[in-house]
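The values are calculated or read from the model by the stated rules, or taken from the named source; none is laboratory data. None of the values given here were measured: they were computed from a predicted structure. So basically every Cβ, Gly included, is an ideal-geometry build from the backbone, and we count neighbours across all protein chains shown. SASA here: full protein model, heavy atoms, side chains in, ligands and nucleic acids out. Shrake-Rupley method; radii C 1.70, N 1.55, O 1.52, S 1.80 Å.
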Amino acid sequence: MLDKVTKQKLVVIGNGMAGIRTVEALLERAPDLYDITVFGSEPYGNYNRILLSPVLAGEKTVDDIMLNTVDWYEDNNITLRKGETISMIDRRTCEVVTEAGERVPYDRLLIATGSNPIMLPLPGKDLPGVIGFRDIYDVDRMIKASTDYRNAVVIGGGLLGLEAANGLMKRGMNVTVVHLLDTLMERQLDPVAGGLLRKSLEERGMVFKMPAQTQAILGEDRVTGVRFGDGTELAADLVVMAVGIRPNFELAKKAGLYCERGIVVSDTMQTYDGRIYAVGECVQHRRQTYGLVAPLFDQAKVCANHLAMKGFATYDGSVTSTKLKVTGIDLFSAGDFAPGPDKEEIVLQDANRGVYKRIILKDKKIVGAVLYGDTIDGPWYFQHLRDGTDVSHMRERLVFGAANLGDGGVNGQNSVAAMSDETEICGCNGVCKGAIVKAISEKKLFTLDDVRAHTKASSSCGSCTGLVEQVLAFTLGGDYSAAPKVKPLCKCTDHSHDDVRRVIVEQQLKTIPAVMRFMEWKTLNGCHSCRPALNYYLLATWPGEYRDDQQSRFINERVHANIQKDGTYSVVPRMWGGVTTPSELRAIADVAEKFNIPTVKVTGGQRIDLLGVKKEDLPAVWADLNDAGMVSGHAYAKGLRTVKTCVGSEWCRFGTQDSTGLGVKLEKFMWGSWTPAKVKLGVSGCPRNCAEATCKDVGVVCVDSGYEIHFAGAAGLHIKGTEFLTKVETEDETLEVIVALTQLYREEGWYLERMYKWCDRVGLEQIRKRVVDDIANRKALFARFAHSQQFAQTDPWAERASRGVDRNEFAPLAELELA
Amino acid sequence: MTSWIEIGALDDIPRLGSRVVRTPGGNIAVFRTESDEVFALDDRCPHKGGPLSQGIVHNKRVTCPLHNFVIELASGQAVAPDEGCTHTHPAKVENGVVWLSVRQAAAVS
């Protein structure tokens, strides 16, 4: 460890959320790099400013909202100088100067001075009883006033003003909100949603005066009222100014740093002085300033990355969403919803239910959303907005939300606020709402990843992710759940799946260590998430050249069987197209008896599953099955699993084509191929669709005139019918299209991303263009698949049963008989 | 007193992999890291008893194949926020030979 003398000095001005989040992120990346000193004007540790509204409303206490107590600073060897304000930055000598005149040197400086409430320059603005709404001190004064006085006026009908008004009303005051414009929260809401909000707040007793301009604050020793532009007056014992915030950059400006509406920073969060960084509400990045918490977290991460001298992250700006923290009112807004000539709108309005939804589209993508009354799908729309998903294929159902697209949560439950604490949110891991809420508040969790790590909710199948995000938003009252815009492959890297795949090709990287070195992996050997992903990407990119890394494969793919809860394995031999013979069945029966296999079961994909096989018996079981002509069914693989068929024209009186034969042909061509996630096919001989082809990854429905090819279906975590891809006339064409489609998925899919998710992300039209319309491209894709099959179609069972591959894997290293 | 038992050659365990040693008290998983250190743990995840020997090894940790608990090889502790601990046994490599000293778990639990 470096001692204090040789360590570089990092001084942080501002002890708020942005500054401390940056310090936390820095400690994660480089815990020993700096000797850190934090200056904060307020006499507290770091607290969650977003939650001041619930404190004012009496729903939380100041202790509830503390994020980092004084002990935290001590534990991390950070010098906290609370209650001390910096009055000057001396860039020439690299020192900051405190109000008391003390000079403190820095090697790197981080400015996180946040913002100040705007105090309108009205006559009487300095009277006692006129306050802003920014910190614990303001809240204390408001709470005190609510016990001593009756009438409050809040100037400003934005987010902050309404939250202040709601809090004061809950504390028993008569509250009038004065707003300059005729729409409440006009930056987040359109007039319709603003009207609904006003109506519901009025029902709770809030009074509005709008549009109205405040002209003067009246009173001599203390405020007694306000006068408006039209000459009317209103009695008031307390006036809260909540008209907005202004980035606090006086200090930076005095130091000669370039400022416009905030401190101007680059994509690396540096000011014009490279030693000085700035994050949070005080900065201006690409002409934007932000007053919400999610962007601060994004900025903090990037800033910490550079302070830690890892130097590769960049901040590209954030899209933000807002939720009003007034208990009982559901309101969500995100993105850009101002009308425009190139924008389209989808609106749902149900006055009786008090529901209003407006989705704004541009170029087939969601660019904005305003939800009132039913906000369950807020995070879902927001996800698509940030990902830039092409939503044209679900456009007609879009306004009804995720649940109507088969993407919803548990048992159709979808109003988190209404759920009891005992309601199970995560069905995989049995996690109830109460447990999640408790973990969020007690362990100070902020992100979906935090919640997953601490509670296991949403960490298995992920279908409850939307609900968990709702619980987060509901508990924290903010927009914390915002996942980064571009998801990193895993926690070992900041790079996305797409980045990794691209760099592997561009840089001709051919081993996992080479990828990790080149892309500056943060961990020594990666982890259980990234290693299998990299192994797949290398295998799919360099067929025949890349040497498969067994130690980077999940156990099932290493031992070619499925691990069960007791550590035994299940074995599924391949039955082409679901067709078997008496001799195969006899061999399976013999194997089951010979090895005392406890359970024999038929699978959903028309195969026979032998469950409870001991690991050391696997090679012998396979040898017997091989002798009867059977090979691995790859029931364990992220690869081609099964082709399910119906009997088709060979037997069925309705059959139009030989669906069984086609299924066998497809399976014989495609078996052994590795894919991003499992791939299941189905071939039905007529539109009665007995093989259930239209909920498979790829499905063929035979008709009299040819073959309809469908894909991107699912019938597991999500239920989703397939999309129609194209119709062709011959079996050969069917094979060519399906193989080309699979190859495109192999080349573009993210590891563990099922075909329907890939289609959602890339867009049906994009895929159809390259697989159906562009025939040369289709043939090229087909050729690449065929090339890679030369190396893939070796029965892994035979290799292990009779050719001694991985012999060590199946035998113990030693057997000890201890005394 | 530590009594060491020779259990095999280092090269019989794959790098970033594991082999099992059978004992009357249950299986012990012997792990080999990228830098050829060896660690021995009971082959049972503290979560639901999954066989750790079948997991993916990364740095000095292994991920249980059943539910992705991550266990520190040196201490047997689950990596936070998961909780739990697997019994460890001293293990060492000398001249390419792996030695194990079985520590009875009964005294501990």
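A few remarks follow.
- Evaluated with a Cβ-only charge set (Lys, Arg +1; Asp, Glu -1), the stretch A:16-168 carries a dipole of roughly 620 debye about its Cα centre, given to the nearest 20.
- Cα convex hull of the stretch B:11-109 - mean projected area over all directions, nm²: 5.9 nm²
- Fraction of beta bridges assigned by DSSP in the protein assembly as shown that are antiparallel (%, nearest 5): 70 percent
- Angle in degrees between helix A:497-506 and the longest Cα principal axis of chain A, rounded to the nearest 10: 60 degrees
- Chain A packed on chain B takes about 2900 Å² of accessible surface away from a 1.4 Å probe, both sides summed.
- Ordering A:A100, A:P121, A:F133 by the projection of their Cα atoms onto the charge dipole of the stretch A:96-165, which places +1 on the Cβ of Lys and Arg and -1 on the Cβ of Asp and Glu, puts A:P121 at the extreme positive end.
- In plain terms, chain A is cut at each of the GluC sites (Glu not before Pro) found in a DSSP loop with at most 10 other Cβ atoms within 10 Å, and the longest leftover piece is A:1-219.
- Note on the stretch A:636-672 and the stretch A:214-247: Cα centroid distance 77 Å, given to the nearest whole angstrom.
- Taking every protein chain into account, the accessible area of the stretch A:16-90 amounts to 40 square angstrom per residue (probe 1.4 Å).
- Extension reserve of the A:L180-A:Q270 stretch, reckoned as 0.36 nm per residue once the Cα distance is removed: 28.7 nm
- Whether the stretch A:712-819 is rounded, prolate or oblate, judged on the alpha carbon gyration tensor where a/c under 1.5 counts as rounded: prolate
- Filtered trypsin sites (Lys or Arg not before Pro), the stretch A:92-190: DSSP coil and at most 16 other beta carbons within 10 Å: A:R92, A:K125, A:R150, A:R187
- Farthest toward positive dipole pole in the protein assembly as shown [+1 Lys/Arg, -1 Asp/Glu at C-beta], among A:G682, A:L26, A:N77: A:G682
- For chain A, the relative contact order works out to 7 percent when only alpha carbon pairs closer than 8 Å and six or more residues apart are counted.
- Entries of A:K357/A:K678; A:K565/A:K668; A:K7/A:K444; A:K678/A:K720 with Cα pairs more than 25 Å apart: A:K357/A:K678; A:K565/A:K668; A:K7/A:K444
- The charge dipole of the protein assembly as shown, taken about its Cα centre with unit charges on the Cβ of Lys, Arg, Asp and Glu (plus for the first two, minus for the last two), comes to roughly 440 debye.
- Computed E for A:K779/A:E729 - FRET, C-beta separation, R0 22 angstrom, nearest 0.05: 0.80
- Delta accessible area of at least 20 Å² on complex formation, residues of the stretch B:1-38, 1.4 Å probe, chain isolated as reference: B:I5, B:I7, B:D12, B:P14, B:L16, B:R19, B:V20, B:V21, B:R22, B:P24, B:E34
- Which of A:C527, A:C428, A:C690 is most accessible, then next, and so on - probe 1.4 Å: A:C690, A:C428, A:C527
- Angle between chain A longest axis and helix A:618-627 axis [Cα atoms, degrees, rounded to 10]: 40 degrees
- Cα gyration tensor shape for the stretch A:46-193, rounded if a/c is under 1.5, else prolate or oblate: prolate
- The tail of the calculated P(r) for the stretch A:749-810 beyond 19 Å holds 59 percent of all Cα-Cα pairs.
- Local electrostatic count, A:G605, Cβ distance below 13 Å [Lys/Arg +1, Asp/Glu -1]: +4
- Estimated FRET transfer efficiency (A:A30, A:Q564; beta-carbon r; R0 56 Å; 0.05): 0.85
- Relative contact order, percent, chain B [alpha-carbon distance under 8 Å, six or more residues apart]: 26 percent
- Counting charges near A:P513 (Lys, Arg +1; Asp, Glu -1) among other residues having Cβ under 13 Å from its Cβ returns a value of +2.
- The angle between the Cα long axis of helix A:159-170 and the main principal axis of chain A comes to about 70°, on a 0 to 90 degree scale.
- Of all accessible heavy-atom area on the stretch B:1-63, the percent that carbon and sulfur account for (1.4 Å): 42 percent
- Angstrom value of the Kirkwood radius, inverse mean 1/r, which spans all Cα pairs in the protein assembly as shown: 31.3 Å
- Computed over protein heavy atoms with a 1.4 Å probe, the carbon and sulfur contribution to the accessible area of the stretch A:209-274 reaches 45%.
- Within the stretch B:1-77, chymotrypsin sites (Phe, Trp or Tyr not before Pro) in DSSP loop having at most 15 other beta-carbon neighbours inside 10 Å: B:W4
- Environment charge of A:E557, counting only residues whose C-beta is closer than 14 Å and scoring Lys/Arg +1, Asp/Glu -1: +2
- Given charges at beta-carbon only (K, R positive; D, E negative), |dipole| of the stretch A:509-553 in Debye: 100 debye
- Taken as Cα centroids, the stretch A:325-381 and the stretch A:779-794 sit 46 Å apart, rounded to the nearest whole angstrom.
- Whole-number accessible area per residue in Å² for the stretch A:695-765, which is evaluated in the context of all protein chains at 1.4 Å: 33 Å²
- Within the straight-line cut-off of under 20 Å between alpha carbons, the lysines reachable from A:K209 are A:K125, A:K170, A:K199, sequence neighbours fewer than 8 places apart in one chain being disregarded.
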